[in-house]
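Report on one structure; see the data block that follows.
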Amino acid sequence: MYRASVGITTSMNVSATNWIGENAESLGIDGLWVGEDIGIGQETSILTADLLSKTRNVRVGTGIVPITIHNIATIARAALTLHEIGNGRYVQGIGIGGIQDLIKHGIHLTKPVTELRKSTQVLRQLFKTEAVTIQTELMKLREFSLRINEPVKIPVFYGVRGPQMLKLAGKVADGVILSGPIDYIRYAIEVVDEAASNVGRSTDEVEKVVWLPTIPTFKGGSEKLAKKVVALVVADTPEQVLDLLDIDTERADKIRKAVAESGPKGGAEFINQNFIDTFAISGTCDQMVDKFEMINNLGASELVLGPPFSGEWREAMTEIFQEVHLRRDK
């Protein structure tokens, strides 16, 4: 049976993240994932520490911390602290960052795959008590260490989309956080599994976490908010991924252009029901849990109930997790 988790982002209100953290255990939530909206809202590590402190048995991870805007030494130090606060429940999720955020902040990497691979190597060396000297496009360390006496095991997950990044995840990551249409999720899991097998790893060694926008229509969810979220997802989806899908490519281009020019609100006017059905999980409680099970059958080990949160979302979340656990017990 798949793990059922909740995803939040740094741009959410503190009252919402507090409620989720305080009720995670009673709802039977398996994991909490904190997505960083670059330059917006709460600070990722502090929010993650708060959620770890509010829970005792729930795994908490970052989904993800972009290595493009954070110093690798700071990421490693924060990871060690969060690992200790959570008594080993913390997962370090890293990635490059969303396309639109990178464009907005003028960030460009010459070799993003190489940079992510080397960042992973550095983190693992530091977690093993080693001192690291390295200089790359993003990193510059000289004999830096965490000054710990014993190695710590902190899983490193990737939040990635493109084929080369997926292959890298299969080769070296402990897990991968996937987002996108069902056809893409199927393709992505196949790429990750094949890459893992090619280097002698079991496909089960790489956890597959699927995090899609969730829109519970049975509790008054905001269609306007849903369209903005889906517009951003479409705009952040690489062209090679969009090419895999049976969608209106002309409309997708309009969405991407509108988001680039005026943000998610501009792209929302081009979002129709087909795009919502393709890029999000929506419907009644039963319909949403049915879709979770279908994605699990594709090879996903964890499903994330994530924003947008609108309408009576607390009641919706409660009912969805009740249904998940009811089916588990059958």
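Overview of results
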{"item": "Complete set of residues in the stretch 193-242 that are among the acidic types (Asp, Glu) and farther than 22 Å from VAL91 by Cβ", "result": "GLU194, GLU223, GLU239"}
{"item": "Candidates GLY299, GLY266 - the one that is farther than 22 Å from ILE8 by Cα, of a type outside the set (A, V, I, L, M) and assigned to a loop (DSSP other than H, G, I, E, B)", "result": "GLY299"}
{"item": "One residue from ILE215, ILE247, ILE276 being in contact with a strand residue (DSSP E or B) (Cβ under 9 Å, 6 or more places away or on another chain), within 25 Å of ASP290 (Cβ to Cβ), surrounded by fewer than 21 Cβ atoms within 10 Å (Cβ to Cβ) and at pLDDT 85 or above", "result": "ILE276"}
{"item": "Single unsatisfied condition, SER282 versus (1) out of contact with any strand residue (DSSP E or B) (no Cβ under 7 Å at 6 or more places or on another chain); (2) modelled with pLDDT under 95; (3) polar (S, T, N, Q)", "result": "(1)"}
{"item": "Identity of the residue in the stretch 25-73, out of contact with any helix residue (DSSP H, G or I) (no Cβ under 7 Å at 6 or more places or on another chain) and aliphatic (A, V, I, L, M), that ends up nearest to VAL210 (Cα to Cα)", "result": "ILE64"}
{"item": "Condition met for PHE292 (assigned to a loop (DSSP other than H, G, I, E, B), surrounded by 22 or more Cβ atoms within 10 Å (Cβ to Cβ) and among the hydrophobic types (A, V, I, L, M, F, W, C))", "result": "no"}
{"item": "Condition broken by SER202, with the remaining ones in (1) under 16 Å from GLY299 (Cα atoms); (2) crowded, with 22+ Cβ neighbours inside 10 Å satisfied", "result": "(2)"}
{"item": "Unmet criterion (only one of (1) under 14 Å from ARG77 (Cα atoms); (2) in contact with a Ser or Thr (Cβ under 8 Å, 6 or more places away or on another chain); (3) surrounded by 15 or more Cβ atoms within 10 Å (Cβ to Cβ)) for THR129", "result": "(3)"}
{"item": "Pick from the stretch 54-68, criterion assigned to a loop (DSSP other than H, G, I, E, B) and touching a Leu at 6+ places or on another chain (Cβ under 8 Å), ranking: farthest from GLY86 (Cα to Cα)", "result": "THR68"}
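The values are calculated or read from the model by the stated rules, or taken from the named source; none is laboratory data. Note that the structure is a prediction, hence the values are computed from the model and not measured. Using ideal geometry, Cβ is built from the backbone for each residue, glycine included, and neighbour counts are taken over all protein chains shown.
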